[in-house]
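The values are calculated or read from the model by the stated rules, or taken from the named source; none is laboratory data. All figures in this text were calculated on a predicted structure; none of them were measured in a lab. Please note: Cβ atoms are built from the backbone with ideal geometry, for glycine as well, and neighbour counts cover all protein chains shown. Side chains are part of the model used for accessible areas, which takes the heavy atoms of the whole protein and leaves out ligands, DNA and RNA. Shrake-Rupley method; radii C 1.70, N 1.55, O 1.52, S 1.80 Å.
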Amino acid sequence: MVEAEVRMPEEAEVGPFVRIHVTVNGTPREAEVETRTLLVHFIREELRLTGTHIGCDTTNCGACTILLDGKAVKSCTILAVQADGRQIRTVEGLAEDGKLHPVQEGFVEEHGLQCGFCTPGMMMTTVALLAKNPNPTEDEIRHAIAGNLCRCTGYVNIVKAVQYAAKKSQGGGSK
Amino acid sequence: MIPPRFEYFAPSTLEEAVEILGRYGGEAKVLAGGQSLLPVMKLRLAEPKALVDINRIPNLSYIREEAGGLRIGSTARTNDLNDSDVVKRRYPILSDAAAVIADPLVRNMGTVGGNVSHGDPANDLPACMLALGAAFVVRGPKGTRTIPASSFYKDTFVTTLEPDEILTEIQIPKPKAGQGNAYEKLEKRAGDFPIVGVAANLILGANKKIESAGIGLTAVGPTALHAKAAADSLVGQAPGDAAFKRAADLAMKLAEPVSDLRGPAEYKRAMVGVFAVRALRTAAKRAGGGA
């Protein structure tokens, strides 16, 4: 039997560390992070907010989309230290007092998901889109979600979900 | 994938940033948007000992038109080009390119400065900068110097930027009367790197003939290519397909595409011709020269 060589990490193999302060879904958080920690790992493993998913880890799929100072970005391609002093919003920050955000409601009502893996990222991109453009055309919606890949739905119901949310956010109620 | 370990600096002045870069003697990298740098670090294609984050330096993220032309601060985001009215109205080639760089999420982080200075021949903005006759202002230990885009790109990921220099501003000459430009990109799917891209800038004289022209090519050489002979062939000509096809032929001759997953070299070379004509037609239309 060959004995596997077990090598314990030396102390020098972690770090360097930086202390960061961020506001996450309205709550100030402070942590010591390794400089190389990716924002998505900080969010999932340090803050334990696992609604933000890791999909491709190569800046393609958008499953890790969060809002950084209100802009939709891919948290797998940002260092946690880059978020120092900034506002982070994740899918956990959408519902308020147990009431779903209009975007969440849209995805439920219009069946905007099947497996659900892309959904948190898709919704965060939608929140940013509607903040900037409250009444987007179908073309504008499709361009806005170009960085969020869905392999189940074919996007048709996602577009409908965004349209539902747009209408709902403007006080139009459900259709 | 997690990048290898590195020291992290977030200086608040350019002087400090340049000093840190100098201290690491080529082993440090500038972190702007990180949308190209972090992926190559994850893949261990780059393992810098230190990152110098320039995002905390004030007044480096702007897009404004001055007497001399457009001034873009190096940490302006690619999406800022899409949101800028002056860009849309007066520098439409930049709107064309910014709309097809990666996807909206990447464009919210990725910077204009990073796109032009990374030295990736597949980045879309360098060809536009070559076509427009842009210049890059860089800050180093000895002060500031200005490098024309036409002498900036040396080889793949190699530019004339020294390891202790930082790109601070992109300068684009003010459009003249009768000027029009466009960027045309062929891509396999939305957000992908280009198979080919062609940037074209035309200035028509009072007699409606082409007074000067600039053409840049993306993804068909070790760097973005400055198609000078192709552009010069247009000078004195009436804008139209006859002149555009001659210029496109010269651009195809200059292109040195390689066969890869995005297509065989012969196909890419042919597409340079097709997309050069398209970019020139749009540029001429925008210049008010019909075609």
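Could you name the lysines whose alpha carbon sits less than 30 Å from that of B:Lys208, not counting residues in the same chain fewer than 8 places away?
Counting by Cα, and skipping residues close in sequence, B:Lys208 has these lysines nearby: B:Lys88, B:Lys174, B:Lys176, B:Lys185, B:Lys228, B:Lys245, B:Lys253, B:Lys285.
With a 1.4 Å probe and all protein chains kept in place, how do B:Thr146, A:Thr126, B:Thr159 rank by accessible area, largest first?
Values: B:Thr146 85, A:Thr126 0, B:Thr159 25 Å².
Correct descending sequence by accessible area is B:Thr146, B:Thr159, A:Thr126.
Quick one: net charge around B:Gly22, please, counting Lys, Arg +1 and Asp, Glu -1 for every other residue with C-beta under 14 Å from its C-beta.
Working: positive: B:Arg23, B:Lys29, B:Lys49, B:Arg139, B:Lys142; negative: B:Glu15, B:Glu16, B:Glu19, B:Glu27, B:Glu162, B:Asp164, B:Glu165.
Neighbour charge sum, excluding B:Gly22 itself: -2.
With a 1.4 Å probe, how much accessible area is buried between chains B and A, both sides summed, in Å² to the nearest hundred?
Working: alone 12990 and 10080 Å², together 20600 Å².
Protein heavy atoms only, the B-A interface buries about 2500 Å².
Considering every residue in A:68-80, what mean count of other chain Cβ atoms within 10 Å of its Cβ is obtained? Write down the numbers at each step before the final one.
Numbers: counts 2, 1, 1, 7, 4, 10, 8, 1, 4, 12, 5, 9, 0.
The per-residue average across the peptide is 5.
Can you give me the accessible area per residue for region B:179-286, using a 1.4 Å probe, in Å²? Could the numbers behind the result be given before it?
On the way: 4650 Å² over 108 residues.
About 43 Å² of surface per residue is accessible.
Could you give me the ³J(HN,Hα) list for region A:19-24, computed from phi with Karplus coefficients 6.51, -1.76, 1.60 and θ = phi - 60°, whole Hz, x at Gly and Pro?
Working through the residues one at a time gives 8, 10, 10, 9, 10, 10 Hz.
For A:Glu138, tell me the accessible area in Å² from a 1.4 Å probe, rounded to the nearest 10.
90
Residue by residue through region A:57-74, which ³J(HN,Hα) values in whole Hz follow from phi under the Karplus form 6.51 cos²θ - 1.76 cosθ + 1.60 (θ = phi - 60°), with glycine and proline marked x?
Karplus values, whole Hz, x for Gly and Pro: 6, 10, 6, 9, 8, x, 5, 8, 4, 9, 9, 10, 6, x, 9, 6, 9, 8.
In square angstrom, rounded to the nearest 10, how much accessible surface does A:His53 have for a 1.4 Å probe?
So the heavy atoms of A:His53 present about 40 Å² to solvent.
Enter the mean number of other protein chain beta carbons within 10 Å of the beta carbon of each residue in A:136-143, as an integer.
Mean shielding count: 1.
Can you list the HN-Hα couplings for region B:74-86, worked out from phi with the Karplus curve (6.51, -1.76, 1.60; θ = phi - 60°), rounded to whole Hz and with x for Gly and Pro?
My calculation for region B:74-86 gives 5, 9, 4, 7, 4, 5, 4, 5, 5, 8, 8, 5, 5 Hz in order.
From other protein chains only, count the Cβ atoms within 10 Å of every residue's Cβ in B:74-84, then give the mean.
On the way: counts 0, 0, 0, 2, 0, 1, 0, 0, 0, 1, 0.
Mean partner-chain Cβ count within 10 Å for B:74-84: 0.
Could you sort the residues of region B:106-134 by number and keep only those whose accessible area is reduced by 40 Å² or more in the all-protein-chain setting relative to the chain alone, 1.4 Å probe?
In region B:106-134, residues shielded by partner chains: B:Asn108, B:Met109.
Name the long-range amide H neighbours of B:Ala46: under 5 Å, sequence gap of 5 or more, or other chain; modelled H, no Pro or chain starts.
Under 5 Å from the amide H of B:Ala46: B:Met41.
Could the peptides B:65-72, B:126-133 be put in order, highest first, of the mean number of other beta-carbon atoms found within 10 Å of their residues?
On the way: B:65-72: 15.4, B:126-133: 28.2.
Peptide ranking by packing, descending: B:126-133, B:65-72.
What FRET efficiency comes out for A:Glu30 versus B:Arg56 if R0 is 25 angstrom and r is the Cβ-Cβ distance? Round to the nearest 0.05. Please list the in-between numbers first.
Values: r = 18 Å, r/R0 = 0.73.
My answer for the efficiency is 0.85.
Take the Cβ-Cβ distance between A:Leu100 and B:Ile2 as r, set R0 to 30 Å, and report the resulting FRET efficiency rounded to the nearest 0.05.
Details: r = 34 Å, r/R0 = 1.13.
Between A:Leu100 and B:Ile2 the formula returns 0.30.
Taking the Cα centre of each part, how many Å lie between region B:77-104 and region A:79-108?
Using only Cα atoms to place each centre, the spacing works out to 28 Å.
Of B:Asp83, A:Asp97, which has the most accessible area and how do the rest follow, probe 1.4 Å?
Numbers: B:Asp83 80, A:Asp97 165 Å².
So the residues, ranked largest to smallest area, are A:Asp97, B:Asp83.
For region B:7-53, which whole-number percentage of the solvent-accessible area (1.4 Å probe, protein heavy atoms only) is attributable to carbon and sulfur atoms? Don't jump to the answer; show the numbers that get you there.
Details: 1030 of 2030 Å².
Of the solvent-accessible surface of region B:7-53, carbon and sulfur hold 51 percent.
If you count only protein heavy atoms with a 1.4 Å probe, what accessible area per residue comes out for region A:1-110, rounded to a whole Å²?
Values: 5690 Å² over 110 residues.
That works out to 52 Å² per residue.
At a probe size of 1.4 Å, how large is the accessible area of B:Arg286, to the nearest 10 Å²?
100
With +1 on each Lys and Arg Cβ and -1 on each Asp and Glu Cβ, how big is the dipole of region A:12-91 about its Cα centre, in debye rounded to the nearest 20? Walk me through the numbers before you get to the answer.
Numbers: 9 positive and 9 negative charges, 65 e Å.
Value, rounded to 20: 320 debye.
Which whole-number value in Å² is the accessible area per residue of region B:7-53, probe 1.4 Å? Working shown, then result.
Numbers: 2030 Å² over 47 residues.
Ligands and nucleic acids excluded, the result is 43 Å² per residue.
Which distance in Å, rounded to a whole number, links the C-alpha centroids of region B:109-182 and region B:224-291?
21
Which percent of the accessible area of region B:179-286 is formed by carbon and sulfur heavy atoms (probe 1.4 angstrom)?
On the way: 2540 of 4650 Å².
C and S atoms contribute 55 percent here.
By Kyte-Doolittle mean hydropathy of at least -0.5 and Cα axial length of at least 15 Å, which whole DSSP H helices of chain A are selected?
On the way: long enough: A:119-132 (20 Å, 0.94); A:156-169 (20 Å, 0.12).
Those that clear 15 Å and a mean of -0.5 are A:119-132, A:156-169.
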